[in-house]
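Notes follow the structure.
The values are calculated or read from the model by the stated rules, or taken from the named source; none is laboratory data. In this text the structure is predicted, and so the values were computed from the model without any measurement. Here the Cβ positions follow ideal geometry from the backbone for every residue, glycine too, while neighbour counts run over all protein chains shown. Note: accessible area is taken over every heavy atom of the protein model, side chains too, but ligands, DNA and RNA are not part of it. Shrake-Rupley method; radii C 1.70, N 1.55, O 1.52, S 1.80 Å.
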Amino acid sequence: MEPRLNFFGNAYAGKILKHINSAAKVASESGVPTATQELVKIRVSQINGCGFCTDMHTKDATAAGETQQRLNLVAAWREATVYTEAERAALELAEQGTRIADAAGGVPDEVWADAAKHFDEEQLVSLLSLVAIMNAYNRVNVINQQPAGSYQPGQFG
């Protein structure tokens, strides 16, 4: 598989990515645990079929100390017993926020309320933003047919 264009080597794309990356950095500084952030990024990427981002975030999570068992079970998190209630709430918010087109009316109030039990307002802003940013990254990579597998942890800073 070859990418349709060298998005990461394109100067104009670099201008765009600079702003998306800046937003992602701010969103990551909210106090939401890094493990939760990575689980959300992985789940959003799985739903969107983004191999590049799934590869990236599973490797980054592993480098940050995440267990293989938890990474293996992200796609089946509802049936898994290895996630905290806060992580489960974040994963549900991520799924509902990614599948907006599948549910008329958007994210259900009970999903938001459950997330709000575990995260303060700044953290909710962060989670909502991470879901939106990951959806943007996923679309760039899926549309461009960015190949997966060669990412090295920390490669992008």
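What to note about this one:
- The chain, accessible surface, carbon-and-sulfur percent (1.4 angstrom probe): 55 percent
- On a per residue basis, the convex hull of the C-alpha atoms belonging to region 1-83 measures out at 117 Å³.
- Dipole of region 1-90 computed with +1 at Lys/Arg Cβ and -1 at Asp/Glu Cβ about the Cα centre; of L71, N6, V32, farthest Cα towards the positive end is N6.
- Taking the C-alpha atoms only, the angle from helix 121-144 to the longest principal axis of the chain is near 40 degrees.
- Note that region 31-157 carries a Kirkwood radius of 14.8 Å, evaluated over its alpha carbons pair by pair.
- Solvent-accessible area per residue, Å², over region 50-157 with all protein chains present [probe radius 1.4 Å]: 52 Å²
- Tilt relative to the chain, helix 11-27 - C-alpha long axis, 0 to 90 degrees, to 10: 20 degrees
- At R0 = 30 Å, FRET efficiency that the Cβ-Cβ distance of A148 and E29 yields, to 0.05: 0.65
- The alpha-carbon of K15 sits under 17 angstrom from the alpha-carbons of these lysines, leaving out residues fewer than 8 places away in its chain: K25.
- Proximal lysines relative to K18, as straight alpha-carbon distance under 23 Å, when same-chain residues fewer than 8 apart are discounted: K41, K59
- Between 0 and 90°, nearest 10: helix 34-48 axis offset from the chain longest Cα axis: 70 degrees
- If only the Cβ of Lys and Arg carry +1 and only the Cβ of Asp and Glu carry -1, the dipole of region 39-157 around its Cα centre is close to 480 debye.
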